[in-house]
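Trainee: Got a structure for you, written out below as structure tokens; questions coming shortly.
Here, each number is a calculation from the coordinates, and none is a lab measurement. Predicted model, so just to flag it, every value in this text is computed and none were measured. Cβ: placed from backbone, ideal geometry, glycine included. Neighbour counts: every protein chain shown.
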Amino acid sequence: MTPIRHNHSDGEAVLDAARDCVLAVGVRRTTLTDVARRAGVSRMTLYRRWPDVRTLVGDVMTREWVGLAVAAMPERVPGAPARTRLVDGLVAGIEAFRAHPLFHKILDVDPELLLPYVLDRRGASQDALLGLITGALKEGHADGSVRTAHPDLQARSVLLVVQSFTLSLRTMTDASDPALDEAAFLGELRTLLERTLTP
């Protein structure tokens, strides 16, 4: 029997265990009992914080996606335009996101999990990404490298474009034509972002 652990890392252990369960069997076949067993915590520890699997998986997605976005953003270079850093970070973020095994599993097995965040409402991940994009846009406004506009409108518009490329790119690529492969589309995205953000 797995020993029950209670410490400050229980939350991270639970998120790790939930991610591993989803990777193994998908969201619909994951139970809170499975997650508790894998994390080595009591079921009550889970139920106090997450009422159901979908809420828990939502927190896993937020942690994973925001972590990818932060890691993809290049370091600030003194004197370098904020626009370049933002565009580089967005394109790299999409590449990392599309290569992430959790994204592939959800898209292949439980795609309906993503629909509310595309059609009905923003999730915590999207709000966090908007915060990152808005901050970078404001830096670009300040250094003159980004076209001045309402930062929230600009950030939301950029996220709509980026989200479309992330979720729908495989419906547009053509593996038999190098001019229509993923790299070509990401190059086109870079051009779109540069042109819309350049003053």
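Trainee: Quick check: residue separation of E194 and L180 times 0.36 nm, minus the Cα distance between them. What number comes out in nm?
Mentor: Working: separation 14, 0.36 × 14 = 5.04 nm, distance 2.00 nm.
Extending this stretch completely gives an extra 3.0 nm.
Trainee: Could you work out how far apart the two model spin labels at V118 and R29 are, taking each label as a point 7 Å from the Cα in the direction of the beta carbon, and quote it in nm?
Mentor: Distance between label points: 2.3 nm.
Trainee: Mind pulling the angle between the C-alpha long axis of helix 124-143 and the longest principal axis of the chain? Nearest 10 degrees, somewhere in 0 to 90.
Mentor: Roughly 30 degrees, rounded to the nearest 10.
Trainee: Also, quick follow-up: If one puts a single equal scatterer on every Cα of the chain and applies the Debye formula without solvent, what log₁₀ I(q)/I(0) results at q = 0.09, 0.11, 0.16, 0.18 Å⁻¹?
Mentor: For the requested q values the scattering log ratios are -0.41, -0.60, -1.04, -1.19.
Trainee: Pairs of Cα atoms under 8 Å, at least six residues apart: use those to get the relative contact order of the chain, whole percent. Kindly include the intermediate steps, with their values, before the conclusion.
Mentor: Working: 184 pairs, mean separation 39.1, N = 199.
Normalised by residue count, the contact order of the chain is 20 percent.
Trainee: Please give the peptides 81-88, 106-113, 170-177, 152-159 ranked by average Cβ packing (other Cβ atoms within 10 Å per residue), highest first, as a rough proxy for protection. Intermediate results must be reported in sequence, preceding the final value.
Mentor: Values: 81-88: 20.1, 106-113: 14.4, 170-177: 9.6, 152-159: 16.8.
Packing proxy ranking, top to bottom: 81-88, 152-159, 106-113, 170-177.
Trainee: Among R76, R63, R19, which one shows the biggest mean-square fluctuation in a GNM of the chain, springs joining Cα atoms closer than 10 Å?
Mentor: Between R76, R63, R19, it is R76 that shows the largest mean-square fluctuation.
Trainee: For the chain, what does -39500 (n - 2.57) per DSSP helix run (n ≥ 4), summed and divided by total residues, give at 222 nm, in deg cm²/dmol to the nearest 500? Can you show the working numbers first?
Mentor: Working: 10 runs with 137 residues, N = 199.
The helix-only estimate for the chain comes to -22000 deg cm²/dmol at 222 nm.
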